[in-house]
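The values are calculated or read from the model by the stated rules, or taken from the named source; none is laboratory data. Worth saying up front: this structure is predicted, and the values here are computed from it rather than measured. Note that each Cβ is placed from the backbone with ideal geometry, even for glycine, and that neighbours are counted across all protein chains shown. Quick note on the areas: whole protein, heavy atoms, side chains included, nothing else; ligands and nucleic acids left out. Shrake-Rupley method; radii C 1.70, N 1.55, O 1.52, S 1.80 Å.
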Amino acid sequence: MIPVSLIQQAVEWRRAFHALPELGYQEQHTSQRVAELLREFGLQVHTGLAGTGVVGTLENGPGPAIGFRADMDALPITELGDVPWRSSRPGVMHACGHDGHTAMLLAAAKHLSATRRFSGTLHFIFQPAEENLGGARKMVADGLFTLFPVEAIYGLHNWPGLPVGHVAVNSGPMMASLDAFEITLRGKSCHAAMPENGADPIVAAAQLILALQTIPARRLSPLSSAVVSITQINGGEAINVIPESVVLRGTLRCLQSDVRSRVRSMIDEFVSTFTAPLGIDGSIEYLADYPVTCNHAAAAQQVRDCALALLPPGQVHWETNPSMASEDFACMLEACPGAYFWIGADGEKPSAPLHNAGYDFNDEIVPQGIAFWTALAEKLLPLT
């Protein structure tokens, strides 16, 4: 049993993190507090991976090593909720629940340090910059699995749409790949009343946006999974001037690596050739990329078995539909076996969506998250 006092403490930590959110690679206060608490729990603490990353190590006898990961960063969103612990920093909020992920893993570290019903080594990994900035890839590049070799790495995420008390895990893809891109369309500026004297990048942008939607709709099999979204359009300064250029930004998300490669090639082709007859020069730059978040089958089965030992079978979802959202934990799974799973976030009322200005982590999840991390550690590293 997880002590009630520890659950209450974890909720307090969660709300304190929520009130002081920090963007990716800026998690100075958060990482300092995480390191401070881990030292209080008696763990060895390593700081500085990926700048603000923290790893706490707990050793207890012979045995293998495994890793548990939580993300720490917030999003550039102005919070609309009115909870007492709402963000104190305008334009920044924990709209994805990383405050809760961090607090639950901290509480699990404290509980496992006190109980020590395992044999082996646990590495508690607190990752910066999950939101579009590639903190996981940076931690790996900085030597995460060289300094802290593990047999497997595990990560969780709260999941609106799934009730509290439920767990979902797949033996393969959980979330889609991510390619963030920026398309620049260069034309010829002219007076808006005399379009024949220029080359209009806005008209080209409008046609290109619609044309890109034909890729998933008409160029791919309906059995393939791909989403192309244009999310930003920037161009023009004066109401009576056709601008020189327009910039489009967006994302591509896929569940199959071969589909991802094909769609990237199609987008490149559209940008370079579709706009040419309009007198527009198009170019594309890729800003960020994450692979498919694809679980390793054996590690996923361990998560499922642990969930079935804790929960009724109807609350354990196996081989569920993946999400077309993306997660840079995928970069850790590329470098090391492991699994990523969801825990339900919906209480009596459905949770606000992730990345929504009205979202707040559901504290009803906290005891389940602590208990699950604890049970998984004890299952994977049994006492001999």
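Against the 2.2 N^0.38 Å scaling, with N counting residues, where does the chain land? I'd like the Cα-based Rg ratio to two decimal places.
That works out to 1.09 for the chain.
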Where does the Debye-calculated log10 I(q)/I(0) of region 274-344 sit at q = 0.23, 0.24 Å⁻¹, using only Cα point scatterers of equal weight, no solvent? -1.08, -1.13
Step by step: find N for region 151-201, compute 2.2 N^0.38 Å, then divide the Cα radius of gyration by it. What's the final number? 2.48
Looking only at Gly155, Gly187, Gly120, which one moves most when the chain is put into a Gaussian network model with springs between Cα atoms under 10 Å? Gly187
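Give the accessible surface of region 291-367 per residue, rounded to a whole number of Å², with probe radius 1.4 Å and ligands, DNA and RNA excluded.
Working: 3190 Å² over 77 residues.
Counting only protein heavy atoms, the per-residue value for region 291-367 is 41 Å².
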For region 174-240 and region 320-384, distance of Cα centres in Å: 35 Å
Under a 1.4 Å probe, what is the accessible area of region 129-286 per residue, stated in Å²? 46 Å²
Determine one quarter of the surface area of the Cα convex hull of region 42-149, which equals its mean projected area, and express it in nm² to one decimal. 7.7 nm²
Sort 276-285, 162-171 by the packing proxy (mean of other Cβ within 10 Å over each peptide's residues), most packed first. 162-171, 276-285
Tell me the relative contact order for region 255-384 as a rounded percent, counting alpha carbon contacts under 8 Å between residues six or more apart. 24 percent
Charge dipole of the chain built from unit charges on the beta carbon (Lys, Arg +1; Asp, Glu -1), centred at mean Cα; most positive-end Cα among Phe329, Val271, Ala299 is Ala299
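So between Asn321 and Phe274, what do we pick up on full extension, going 0.36 nm a residue minus the alpha carbon distance?
That pair, Asn321 and Phe274, stretches by 13.5 nm at full extension.
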In the chain, carbon and sulfur make up what percent of the accessible area (probe 1.4 Å)? 54 percent
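Checking the a/c ratio against 1.5 first, then a/b against b/c, what shape does the Cα gyration tensor give for region 306-382? Walk me through the intermediate numbers first.
Values: a/c = 1.74, a/b = 1.18, b/c = 1.47.
In terms of gyration-tensor shape, oblate.
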Restricting attention to the alpha-carbon atoms of region 196-348, what are Rg (one decimal) and Dmax (integer), both in Å? 21.0, 72
Using DSSP, restrict attention to beta bridges with both residues in the chain and report what percent are antiparallel, rounded to the nearest 5. 65 percent
Read phi for every residue in region 218-224 and hand back ³J(HN,Hα) as whole Hz from Karplus 6.51 cos²θ - 1.76 cosθ + 1.60, θ = phi - 60°, with x for Gly and Pro. 10, 9, 10, 5, x, 7, 8
Mind jotting down the three principal axis lengths of region 114-208 based on Cα atoms? Whole angstrom, largest first. 78, 37, 25
Angle, helix 201-212 long axis vs. longest principal axis of the chain, Cα atoms, 0 to 90°, nearest 10? 50 degrees
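Give the relative contact order (percent, whole number) for the chain; include only Cα pairs under 8 Å separated by 6+ residues.
Dividing the mean separation by the residue count of the chain yields 24 percent.
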Note on region 101-148: C-alpha Rg/Rh, Kirkwood Rh, two decimals, gives 1.06
With θ set to phi - 60°, apply the Karplus curve 6.51 cos²θ - 1.76 cosθ + 1.60 along region 301-311 and write out the HN-Hα couplings as whole Hz, x wherever there is a Gly or Pro. 5, 4, 5, 4, 4, 5, 4, 5, 6, 9, 10
Whole-Å distance, taken between Cα centres, linking region 267-302 and region 97-137: 31 Å
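Could you tell me which of rounded, prolate or oblate describes region 1-82, using a ≥ b ≥ c as the square roots of the eigenvalues of the alpha-carbon gyration tensor, with rounded for a/c under 1.5 and, failing that, prolate when a/b is larger than b/c and oblate otherwise?
oblate
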